[in-house]
Amino acid sequence: MPLLADVAVPVPLSQAFTYEVPAALAGEVRPGARVLCEFHRRKLLGVVLAVSERSAAIDPSKIKPLAALVDARPALPAELLAFLQELAAYYFAPIGEVLRLALPAIEREQVRALKAQGELDGVLDLGRSKQVGGRKVAYASATDVVEEPGTLRGQAAAVLALLRANGEQPVARIEERFGNARSALKKLAERNLVALDEREPPRDPFFRRAEERDVPPELNAAQAEAAARIDAALAALAPSGGGEHPAIAQQEPRPAGQEPRPAGQEPRPAGQEPRPSAFLLFGVTGSGKTEVYLRAIKSCLDRGRGALVMVPEIALTPQLVARFRARFGDELAVLHSGLSDADRHAMWASLHVGKVRVAIGARSALFAPVPDLGLILVDEEHDGSFKQEEGVRYHARDMALLRAHRAGAVCVLGSATPSIESVALVRRGKLAELRLPDRAHREASLPEVSLVDLRRFRAGPSGDPLISLPLHRALEKTLAAKEQAILFLNRRGFAPSVVCGSCGTLTTCDACSVALTYHRGRRRDARPPSPGGAPAPAAPLDERPEGGRLRCHYCDYAGPLPDRCGACGARNLLLEGLGTERLEATIAGSFPEARVARLDRDVAGKDRSQAILARMREGKIDILVGTQMVTKGHDLPNVTLVGVVNADAALGLPDFRAAERGFQLLVQVAGRAGRRDRPGRVLIQTRNPEHPAIAFAAAHDVPGFLEREIRDREEVGYPPATRLALLRIDAVDESVGRGAAAKLAAHARTCPEGVSRRVEVLGPSAAPIARLRGRYRFRVLLRARDRGPLRGALAALAGLIRDGLDRNARVIIDVDPVAML
Ligand code: ADP
Ligand code: ZN
């Protein structure tokens with residue numbers, strides 16, 4: 001019987017394809033390895049899912065042999081491969097695309113080997129795979145040798161002068177400046193005037209500085225209790241397999257026919273206590289969760305297993321990475337989007353061979369090949385960035401629970417504002433709760449929060465109604481005490497809307513049904529001319545600063561500000577509302593002696609956000625203005641005032657999670673204040689002081705809010721009381737989109753689960769953002785009490801979508817949707 005391999009190829013189809021394993025490769029083709037295989041007359045890079053000896057269901061003469069083996073050692077360890085297959089099934093996502101999330105780049109060595117086998121002669125599509133490795137960078141530097149005067153001329157003399165003035169330079173950079181750089185360098189090297197050196201390109205910025213090892217602090221009682229319980233769970237894990245491929249030995253096979261479920265959702269006989277191997281670490285801001293993570297990792301490593309840490313946005317957490325490095329040194333792979341392909345591959349490879357056993361990174365670190373996985377930590381588990389909103393729409397927190405469960409590892413979700421989903425899992429006994437009720441620094445206490453009712457207070461001296469008198473006074477006090485303040489505003493840009501003062505028409509994007517934001521951009525003089533009388537809330541156009549642009553925050557549109565209204569033609573466009581750019585300018589104008597800086601997506605390039613946070617930490621900024629980016633877990637000891645400029649901005653969105661998200665933002669940003677000995681103060685400005693999200697945040701009552709929100713969700717039938725799947729349909733032609741949505745909704749209503757009403761079908765309807773990037777958007781929402789029927793209905797719909805609904809309509813299945821807009 002021939003040896004057959006099931007291979008997933010990078011095409012948007014959910015099934016795998018069968019190939020014959022050539023006799024020469026019989027012992028070498030293993031699950032998780034990449035292979036080259038012919039697919040519709042192209043050669044594709046596929047991944048072996050399974051190898052078996054069986055008679056094929058298809059005519060054996062139609063089965064093609066594998067063309068070549070790419071990985072001698074499987075790129076995906078068995079544990080990861082099994083997990084990825086479950087993830088694909090859970091999200092109804094094509095297996096080829098899911099695998100791509102986890103596959104490393106191809107090493108140039110491998111490409112060379114394939115070339116030598118003659119495999120790369122035909123048509124080849126490496127499936128967008130990147131190639132890395134084997135690349136050295138050449139550097140040139142001047143030596144101490146001195147030339148005979150007058151013996152050097154032309155470019156050789158110029159290159160030598162450059163190297164002497166500026167020190168070592170990459171050869172590539174010299175070549176950019178001098179046409180004859182190569183021959184000049186050769187001449188200089190022959191005369192020993194210049195030394196040439198080849199080496200690997202510089203390392204990741206996170207590793208540029210050596211981090212001094214820290215001394216672990218003594219844990220407080222609550223931390224010690226949490227650490228002990230995690231340690232006990234780690235101790236209870238099945239012993240690690242050992243050997244070179246421990247993950248393979250340790251993998252527990254899944255019973256056939258059992259459909260994949262995220263961890264914590266298995267039906268369990270009533271009364272049976274679950275083994276506590278998944279935890280929710282619920283600790284107030286500044287309670288020392290990180291120290292608990294560090295102890296958990298230590299305990300995991302001591303037991304010979306690897307650990308994975310996931311954080312929302314690694315660029316915003318240099319401090320956290322520094323603390324991990326201080327404890328674990330270079331035994332840490334830091335995975336982030338700023339890595340070069342070569343660095344990313346180096347990190348991947350060091351994990352894959354087991355040289356490094358701890359990985360830290362954002363969402364995509366979920367797929368890191370951590371050896372012998374024993375622990376997954378998800379910091380700030382409530383954070384929305386764990387949900388991928390394009391391509392494979394997975395939720396990294398949910399999938400962390402699944403991966404840990406399948407790998408027989410411990411999972412810890414940590415937050416000061418746990419997600420409603422996680423709290424529900426605690427209530428159902430699927431997660432064990434660990435609490436850190438107090439701030440870790442003995443002198444630190446939670447900040448005092450006051451609400452500023454914007455309906456009652458008028459504008460302060462700045463003239464802007466959103467900088468109320470109480471906020472102005474609080475800023476003055478903070479500056480006088482030489483302390484720092486953070487002002488949080490959820491809107492980027494200068495003015496969030498541009499409105500015609502004559503007819504009231506809002507300027508919107510041509511491609512999207514959303515308002516355009518006015519961005520002033522960089523100006524030579526950053527401050528408005530008059531310190532006292534800053535810009536009025538709606539500045540008429542003739543006051544508008546030079547060089548501004550209108551930008552759409554949803555597509556890439558950016559264009560000039562028109563000089564008249566597109567609807568009525570009046571030259572009376574007004575810049576309305578307050579964005580972070582204008583807030584920064586207004587604050588700088590009102591407090592000319594203060595050093596004001598801004599942190600939002602417009603200023604935060606790759607390293608910029610780290611630089612701004614570093615300046616803040618060093619006390620070189622007095623007032624930091626910014627969006628969500630300022631709310632993330634920064635530990636800034638001298639921040640004593642946090643101002644929430646407009647708490648209402650996030651609460652009004654047409655999304656059942658709006659209150660939860662608003663609440664989390666408020667508590668998180670408030671948590672930046674008073675983290676050390678100096679007491680902190682928080683001012684929340686609002687027109688809705690009674691809104692539960694605001695009232696509970698002001699009272700630091702997280703459990704109270706969660707309790708109420710879970711009850712509300714139960715009443716309206718939204719998760720976690722129910723499960724959702726969102727079908728997102730879009731098309732250039734409105735009627736095509738509408739038609740496809742209607743067809744899907746009808747199909748959902750007539751499939752068995754729809755007929756029995758075990759799955760409720762809502763819609764079709766236009767999406768809240770009805771048009772985006774020129775495409776009309778519709779949706780159909782499926783809702784069910786239980787996951788089984790929902791999956792049944794989705795399977796029926798997936799069939800309809802696969803068989804071609806309408807080629808001009810795009811349909812995406814979003815399981816457990818987060819973004820509802
Ligand atoms: P969280 O992640 O819960 O917001 P952090 O881990 O950032 O809190 O801790 C807040 C501060 O308390 C940090 O400066 C940290 O170094 C300090 N800290 C944590 N645990 C202890 C402890 N047991 N003793 C003293 N200081 C601690
Ligand atoms: Zn747009």
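The values are calculated or read from the model by the stated rules, or taken from the named source; none is laboratory data. Keep in mind that what you see is a predicted model, and the values were worked out from it rather than measured. Reconstructed Cβ throughout: ideal geometry from the backbone, glycine too, with neighbour counts over all protein chains shown.
What number of residues within region 574-601 satisfy the criterion of being within 12 Å of Gly493 (Cβ to Cβ) and surrounded by fewer than 18 Cβ atoms within 10 Å (Cβ to Cβ)? The number of residues fulfilling the criteria is 2. Quick one: in region 514-545, of everything that is farther than 21 Å from Ile587 by Cβ and modelled with pLDDT under 85, which residue is farthest from ligand 1 (Cβ to nearest atom)? In this case the residue turns out to be Asp542. Please determine whether any residue of region 348-362 is touching a Cys at 6+ places or on another chain (Cβ under 8 Å) and more than 13 Å from ligand 1 (Cβ to nearest atom). No, the conditions are met nowhere in region 348-362.
Quick test for you: out of Val642, Val759, pick the one residue that is aliphatic (A, V, I, L, M) and at pLDDT 95 or above.
Details: Val642 fails: at pLDDT 95 or above.
Exactly one residue qualifies, and that residue is Val759.
A count restricted to region 315-335 and to residues that are within 13 Å of ligand 1 (Cβ to nearest atom), part of a loop (DSSP other than H, G, I, E, B) and surrounded by fewer than 20 Cβ atoms within 10 Å (Cβ to Cβ) stands at 0.
Can you name the residue in region 34-83 that is among the hydrophobic types (A, V, I, L, M, F, W, C) and surrounded by fewer than 13 Cβ atoms within 10 Å (Cβ to Cβ) and, of all such residues, is nearest to Ile376 (Cα to Cα)?
Restricting attention to region 34-83, the residues satisfying the condition of being among the hydrophobic types (A, V, I, L, M, F, W, C) are 35-37, 39, 44-45, 47-51, 56-58, 63, 66-70, 72, 75-76, 78, 80-83.
If we keep only those that are surrounded by fewer than 13 Cβ atoms within 10 Å (Cβ to Cβ) too, we end up with 57-58, 72.
On the way: Ala57: 40, Ile58: 42, Ala72: 28 Å.
Only one residue tops the list, namely Ala72.
Taking the criterion of being in contact with a Lys or Arg (Cβ under 7 Å, 6 or more places away or on another chain) and either in a loop (DSSP other than H, G, I, E, B) or surrounded by 22 or more Cβ atoms within 10 Å (Cβ to Cβ) (or both), the residues of region 336-365 that qualify are Gly338, Asp343.
Quick check, is Leu49 aliphatic (A, V, I, L, M), in a helix (DSSP H, G or I) and under 17 Å from Gly32 (Cα atoms)? Steps first, answer last, please.
On the way: aliphatic (A, V, I, L, M): yes; in a helix (DSSP H, G or I): no; under 17 Å from Gly32 (Cα atoms): yes.
Criteria not met by Leu49.
Just for region 412-444: of the residues that are hydroxyl-bearing (Ser, Thr, Tyr) and in contact with a Ser or Thr (Cβ under 9 Å, 6 or more places away or on another chain), which one is surrounded by the most Cβ atoms within 10 Å (Cβ to Cβ)? First the steps, then the outcome.
Here is the first cut: in region 412-444, the residues hydroxyl-bearing (Ser, Thr, Tyr) are 415, 417, 419, 422.
With the extra rule that they be in contact with a Ser or Thr (Cβ under 9 Å, 6 or more places away or on another chain), the set shrinks to 415, 417, 422.
Working: Ser415: 26, Thr417: 24, Ser422: 28.
Filtering region 412-444 for residues that are hydroxyl-bearing (Ser, Thr, Tyr) and in contact with a Ser or Thr (Cβ under 9 Å, 6 or more places away or on another chain), the one surrounded by the most Cβ atoms within 10 Å (Cβ to Cβ) comes out as Ser422.
Checking each residue in region 629-659 for being more than 26 Å from Arg473 (Cα to Cα), in contact with a helix residue (DSSP H, G or I) (Cβ under 6 Å, 6 or more places away or on another chain) and part of a loop (DSSP other than H, G, I, E, B) picks out only Leu651.
When Asp677 is tested against the conditions (1) surrounded by 16 or more Cβ atoms within 10 Å (Cβ to Cβ); (2) closer than 27 Å to Asp635 by Cβ, the lone failure is (1). Taken over region 440-470, the residue count meeting the criterion of being of a type in the set (A, V, I, L, M, F, W, C) and either within 16 Å of ligand 1 (Cβ to nearest atom) or farther than 21 Å from Glu576 by Cα (or both) is 6.
Scan region 685-695 and tell me whether some residue there is modelled with pLDDT of 90 or more and under 28 Å from the mean Cα position of the chain (by Cα). Yes, some residue in region 685-695 is modelled with pLDDT of 90 or more and under 28 Å from the mean Cα position of the chain (by Cα). Remark: pairs (first residue in region 425-443, under 9 Å from Leu280 (Cβ atoms) and touching a residue at least 12 places away in the same chain (Cβ under 8 Å); second residue in a loop (DSSP other than H, G, I, E, B) and aliphatic (A, V, I, L, M); Cβ separation under 6 Å; 6+ apart in sequence or on different chains) = Leu425/Leu431. Determine, yes or no, whether Gly384 is in contact (Cβ under 8 Å) with a residue 12 or more places away in the chain, surrounded by fewer than 24 Cβ atoms within 10 Å (Cβ to Cβ), on the phi > 0 side of the Ramachandran plot and under 26 Å from the mean Cα position of the chain (by Cα). Taking the combined requirement at face value, the residue does not satisfy it. Screening Leu44 on (1) among the aliphatic types (A, V, I, L, M); (2) modelled with pLDDT under 90; (3) over 21 Å from Ala113 (Cβ atoms) shows it passes everything except condition (3). Just a yes or no: is a residue in region 485-492 farther than 27 Å from Arg773 by Cβ, modelled with pLDDT of 90 or more, in contact with a strand residue (DSSP E or B) (Cβ under 7 Å, 6 or more places away or on another chain) and within 16 Å of ligand 1 (Cβ to nearest atom)? Within region 485-492, one or more residues are farther than 27 Å from Arg773 by Cβ, modelled with pLDDT of 90 or more, in contact with a strand residue (DSSP E or B) (Cβ under 7 Å, 6 or more places away or on another chain) and within 16 Å of ligand 1 (Cβ to nearest atom). If you go through region 26-39 and pick out every residue that is under 27 Å from Arg108 (Cβ atoms) and outside any strand (DSSP E or B), you end up with 7. Residues that are crowded, with 21+ Cβ neighbours inside 10 Å, more than 11 Å from ligand 1 (Cβ to nearest atom) and in a helix (DSSP H, G or I) within region 275-314 comprise Ala296, Ile297, Ser299, Cys300, Ile314, listed in sequence order. Please verify whether Arg571 is free of Cβ contacts under 8 Å to residues at least 24 places away in the same chain, more than 30 Å from Glu476 (Cα to Cα), surrounded by fewer than 20 Cβ atoms within 10 Å (Cβ to Cβ) and touching a Cys at 6+ places or on another chain (Cβ under 9 Å), treating the condition exactly as stated. It is false that Arg571 is free of Cβ contacts under 8 Å to residues at least 24 places away in the same chain, more than 30 Å from Glu476 (Cα to Cα), surrounded by fewer than 20 Cβ atoms within 10 Å (Cβ to Cβ) and touching a Cys at 6+ places or on another chain (Cβ under 9 Å).
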